[in-house]
């Protein structure tokens, strides 16, 4: 497959593993992502267990991907050195040497893992000199890690992903890509594109330039890209694998994903969708109400609805008409609104189930569109909603 969701950061996918196993969350990908800080804190336990983190977590059949950082945890800048990379977990900062990093990987025994790298160029304030340093350090770390992996029986079945660094400096990005491609890595990580510090045009240009330098027979993962429109832009530029932190973020702000990803052209259905959208805005108040929500949380997107909004207190429809998820089949917007405003833990559980299933369904549609050579149709549908909002969208079956 040319595009796949790689799982949820820091084992958040595991929090729904029971529901997924029971068939209540459909389309869960076979790849589970967990961040190194969470594993570093139980390194001694895993070392004594000897059978790897996947089995330890009760997910023996999952493909385990170990990333350096949690995609939803901020990483303070300015703490990396020529010999260490700083990670941030529940116990605070931890300095990671190459030796310690590989010791943890031997205990984790991941299927895939990101090589330790210096990606501290995300802030947008790093200049050319700092970008060069990030590439030099990352290549140096990679060479040592490859040597240590070769000597580690526990990691002979593991695939190491080399990180492409260089901030927003094109020359350094290209140097990082070319040099990393010369090494015997199993895949490539496009790092440093997290957040909004880098202009979108710059980000897309760098991604296209980097992937053009990489061999096509090895997978490319990107970190920090999860919004539907950004995912599609990156796929067009040669990215294969994405994280699935986005539905978690949507859940955390009390929202439900409601965008339509049924790209099969149906003029009649499109007309109904547009009409329903207009009716929904009229029913629920003026467009200004929606604008106020976006002002309150600038991270919110037009792909979701804010269920804490008082207008949903008497909305007895499902989160998304036509959705087959556990939440939409059994509960209403009004009920989830009540759970949210009363701070009930069940609100997050139900929203997570809906948002994950919807997001994984989106990736299923991406794979279908690639197979059918109709990615452009899916992109037009998603971008139209990005500009207009899905309003009272219906998910076609």
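The values are calculated or read from the model by the stated rules, or taken from the named source; none is laboratory data. Because the structure is a prediction, the values reported are computed rather than measured. Cβ atoms come from the backbone with ideal geometry, glycine included; neighbour counts cover every protein chain shown.
Answer with yes or no whether residue 86 is surrounded by 21 or more Cβ atoms within 10 Å (Cβ to Cβ), on the phi < 0 side of the Ramachandran plot and not in a loop (DSSP other than H, G, I, E, B). So residue 86 does not fit the description; no. In the condition set (1) at pLDDT 95 or above; (2) under 19 Å from residue 382 (Cα atoms); (3) in a helix (DSSP H, G or I), residue 248 is compliant with all but (2).
For the range 239-251, residues that are in contact with a helix residue (DSSP H, G or I) (Cβ under 8 Å, 6 or more places away or on another chain) and farther than 21 Å from residue 119 by Cα total 4. Residue 371 meets the conditions (1) modelled with pLDDT of 95 or more; (2) farther than 14 Å from residue 250 by Cβ; (3) touching a helix residue (DSSP H, G or I) at 6+ places or on another chain (Cβ under 9 Å) in every case but one. The failed one is (3).
For the range 59-87, a residue qualifies if it is in contact with a helix residue (DSSP H, G or I) (Cβ under 7 Å, 6 or more places away or on another chain) and farther than 14 Å from residue 119 by Cα, and the qualifying residues are 59, 60, 62, 64, 66, 72. Given the criteria surrounded by 15 or more Cβ atoms within 10 Å (Cβ to Cβ) and modelled with pLDDT under 95, does residue 290 qualify? So residue 290 fits the description; yes. Only a single criterion out of (1) surrounded by fewer than 13 Cβ atoms within 10 Å (Cβ to Cβ); (2) in contact (Cβ under 8 Å) with a residue 60 or more places away in the chain; (3) touching a helix residue (DSSP H, G or I) at 6+ places or on another chain (Cβ under 7 Å) is not satisfied by residue 365, namely (1).
A residue that is within 21 Å of residue 169 (Cβ to Cβ), assigned to a loop (DSSP other than H, G, I, E, B), in contact (Cβ under 8 Å) with a residue 12 or more places away in the chain and more than 19 Å from the chain's Cα centre (by Cα) occurs nowhere in the range 100-112.
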